[in-house]
Amino acid sequence: MTTEQISEFCVTALANILRISKDRVDTGTKFNRLGLDSAMLVYLMMELEEKLDIELSTDDFYDHPTVEALSRFLADKRAIRNAA
Amino acid sequence: MDTLRSLVAHLARRAAERADDRAYVFVSDRGTEEASLTFRQLHDAASALAARLTAAARPGDRAILVFPPGLEFLVAFFGCLMAGIIAVPMMLPRRNSARDASAAILANCTPVLALTSSAFALRADLQARFAQENIRWIEVDLATDGATVDLPEPAPENTAFLQYTSGSTSEPKGVMVSHANLLANLEMIRLALGNTRQSTYVNWVPLYHDMGLILNALQALYVGATCVLMAPNAFMQRPLGWLRAISHYRAEVACGPNFGFDLCVSRYRADQMDGVDLSSLKIALNGAEPVHADTIARFATTFAPYGFDPRAMYPAYGMAEATLLISGGRRGGGHVTRRVGRAALQAHAAEAPADAHDAQIVVGCGRALSGECIAIVDPETHIRLQANHVGEIWVSGRNVARAYWRNDAATRDDLNAGIAGEDGAWLRTGDLGFLDQDGELFVTGRIKDLIIIRGINHYPQDIERTVQSLDAALRENCGAAFAAPDEGEEALVVVQEIERTARNTIDSEEVKGRIREAVADGHELSARHIVLIRPGSLPKTTSGKIQRKLARKLWLDGGFDEIG
């Protein structure tokens with residue numbers, strides 16, 4: 001998956017978790033600013049783990065705190081794994 | 001059960017008699033065993049730690065326990081009990097969160113030690129957070145070797161630990177649970193749940209939460225059963241893993257808050273339940289937040305095909321001030337529901353509903369435990385009320401704590417209240433409910449505007465203060481935070497007045513973003529609905545107190561005009 005596809009998936013998942021419309025999920029806004037609490041963060045992590053078939057830690061979300069940053073990180077992580 | 005005077009003595013006896021039986025097992029989210037402790041190993045590890053603790057602190061000193069999920073917490077807890085050091089279980093501060101309840105708790109209990117696991121001691125943000133406090137860090141692991149010292153057995157009236165679950169951020173209340181309180185409630189729980197040493201537990205509730213610690217981890221040890229622990233996050237991610245572990249370990253007892261049972265149903269997937277057999281489960285205890293009849297019904301229907309016995313559903317009621325459990329049913333006895341009228345309930349009477357629209361199902365939380373009394377009392381006059389009258393739930397018994405740590409006013413008012421015309425000291429729970437003619441307790445609401453989401457108590461004034469400190473445009477003492485049902489779950493709503501001068505210039509979306517961020521960081525909550533309103537439109541009493549219940553009703557009815 002490309003960064004854009006991952007980003008699109010994150011936006012959809014976040015809209016579902018936060019119960020808001022997709023156009024309100026700004027990809028440059030920090031997760032906590034979107035109102036994501038720790039339990040919701042775990043839901044998002046689970047969705048991503050299943051979709052991308054990778055193991056994540058909650059720390060990844062603090063280190064890459066926006067959809068944009070996280071998608072880039074996840075695309076790189078998958079690329080590295082697939083190359084190995 | 002017997003005459004041992006402390007939980008330390010219970011552990012010593014288990015270690016002597018059943019040395020190699022497993023006390024605790026920690027499993028990963030995939031169900032693999034990551035660590036385990038036999039009774040002997042737990043006893044030896046805790047004894048070795050107790051020796052280290054006595055060299056670093058004096059009996060009666062406080063030690064905070066800050067642990068990631070695992071078994072180290074239990075070594076630390078028992079090490080403190082043995083050394084006579086008062087354990088203070090604390091929630092892990094969230095990374096990047098500047099403010100939460102921990103600062104106020106530290107200021108209240110003035111700990112000299114902080115106990116954590118070796119891996120965790122490295123977390124830089126934790127070190128920074130506690131650096132300014134004069135606290136010595138002690139790393140705890142599961143090693144069973146190390147020098148031991150002879151220590152006196154704790155006296156029954158001594159404080160075993162402080163449980164901070166109540167009180168607002170500005171005024172935290174640490175319940176002083178004595179060894180006598182703890183043993184009294186553990187025995188009450190044993191009788192109510194019908195536990196034996198075959199009563200294997202599977203628990204995901206965090207150990208800093210009183211339900212995880214006392215009802216699950218300590219009760220299992222008290223009866224000599226094995227307690228299988230999993231990380232709270234693992235449960236949140238894969239709730240069915242809890243059920244698979246119950247099946248795998250043939251567990252008899254599983255306890256959690258209402259939302260956990262909902263989560264199992266909403267995440268149910270047949271392909272993840274292959275081979276799961278829940279017929280061993282005798283007690284599925286639902287407590288720590290309001291128990292919903294439809295949650296019970298959905299869970300029973302969904303999991304009956306996997307051998308779940310609906311009679312195992314065990315709604316219960318409790319709080320830290322009563323050590324933990326206050327009321328519960330009988331093993332295998334099933335639970336009681338009752339149809340009552342909404343209107344009558346609001347007028348403080350439990351009566352049959354006037355019509356279908358007026359009907360509400362309330363779930364019985366069992367009866368008073370052995371040796372304990374529950375009274376329903378008028379919160380204003382302190383007069384005892386008769387059956388089927390709604391009033392404040394008051395409790396007396398050997399499980400009720402005698403004091404809050406360094407808080408004389410709350411100790412007097414809430415733990416040593418008196419019923420008009422009667423002798424004796426009572427705990428005021430702050431919850432509303434009624435007893436039926438058989439003594440079954442029904443909890444119907446709260447006197448205080450406490451917000452309970454996912455089993456955690458939040459004080460609205462703390463959230464309102466967080467919001468109002470963000471911007472001068474957000475009027476002080478003119479906001480209301482409350483929980484309201486939203487798409488099948490409790491969601492946080494924040495209603496906040498905007499200063500007249502800022503009404504036309506404010507960027508509402510930007511302000512809402514900052515509110516969401518601050519509430520998530522400071523309170524671990526998502527503010528799902530934020531409503532900014534004109535000054536003067538929030539309902540208040542004549543003395544200027546915010547009427548949160550009325551604000552909640554107005555919001556549910558769509559009665560607020562939003563700015564912007």
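Bear in mind these aren't lab numbers, they're just calculated from the coordinates by the rules spelled out. Keep in mind that what you see is a predicted model, and the values were worked out from it rather than measured. Every residue, glycine among them, receives a Cβ derived from its backbone with ideal geometry; neighbour counts consider all protein chains shown.
As a rough footprinting exposure proxy, the listed residues A:Lys22, B:Lys173, B:Lys448 were ranked by other beta carbons within 10 Å of their own, and the order from fewest upward is A:Lys22, B:Lys448, B:Lys173. Return one quarter of the surface area of the convex hull spanned by the alpha-carbon atoms of the protein assembly as shown, equal to its mean projected area, in nm². Approximately 30.0 nm², given one-decimal rounding.
Computed from the Cβ-Cβ distance with R0 of 45 Å, the FRET efficiency linking B:Ala35 to B:Ser170 stands at 0.75.
Cβ crowding within 10 Å ranks B:Thr159, B:Thr110, B:Thr32, B:Thr411 as B:Thr32, B:Thr110, B:Thr411, B:Thr159, fewest other Cβ atoms first. Cross-link reach is defined here as a Cα-Cα straight distance under 21 Å, omitting same-chain residues fewer than 8 places apart; for B:Lys545 the lysines meeting it are B:Lys448, B:Lys553. Put the Cα centre of the range B:518-564 next to the Cα centre of the range B:453-501 and the gap is 6 Å. For the pair the range B:369-384 and the range A:1-55, the centres of their Cα atoms are 48 angstrom apart.
For chain B, complete DSSP H runs whose alpha carbons reach 20 Å or more along their own long axis and whose mean Kyte-Doolittle score is -1.0 or higher are B:39-56, B:179-193, B:508-523.
Taking 25 Å as R0, compute the FRET efficiency from the Cβ-Cβ separation of B:Ala425 and B:Ala107 and round it to 0.05. Efficiency computed from Cβ-Cβ geometry: 0.35. Using a/c under 1.5 as the rounded threshold, could you call chain A rounded, prolate or oblate? The axes a ≥ b ≥ c are square roots of the C-alpha gyration tensor eigenvalues, and prolate needs a/b larger than b/c, oblate otherwise. Prolate is the answer for chain A, as a/c is 1.5 or above and a/b outweighs b/c.
Across chain A, C-alpha contacts under 8 Å between residues 6 or more apart give a mean separation that, scaled by the residue count, equals a relative contact order of 39 percent. If you take all other residues with their beta carbon under 11 Å from the beta carbon of A:Leu18, and give Lys and Arg +1 and Asp and Glu -1, the sum is +4. Tell me which aspartates and glutamates have Cα within less than 18 Å of A:Lys77's Cα, excluding those fewer than 8 residues away on the same chain? Correct list for A:Lys77: A:Glu4, A:Glu8, A:Glu47, A:Glu49, A:Glu50, A:Asp53, A:Glu55, A:Asp59, A:Asp60, A:Asp63, A:Glu68. Look at where the Cα atoms of the range B:150-226 and of the range B:267-296 average out, and the two centres are 24 Å apart.
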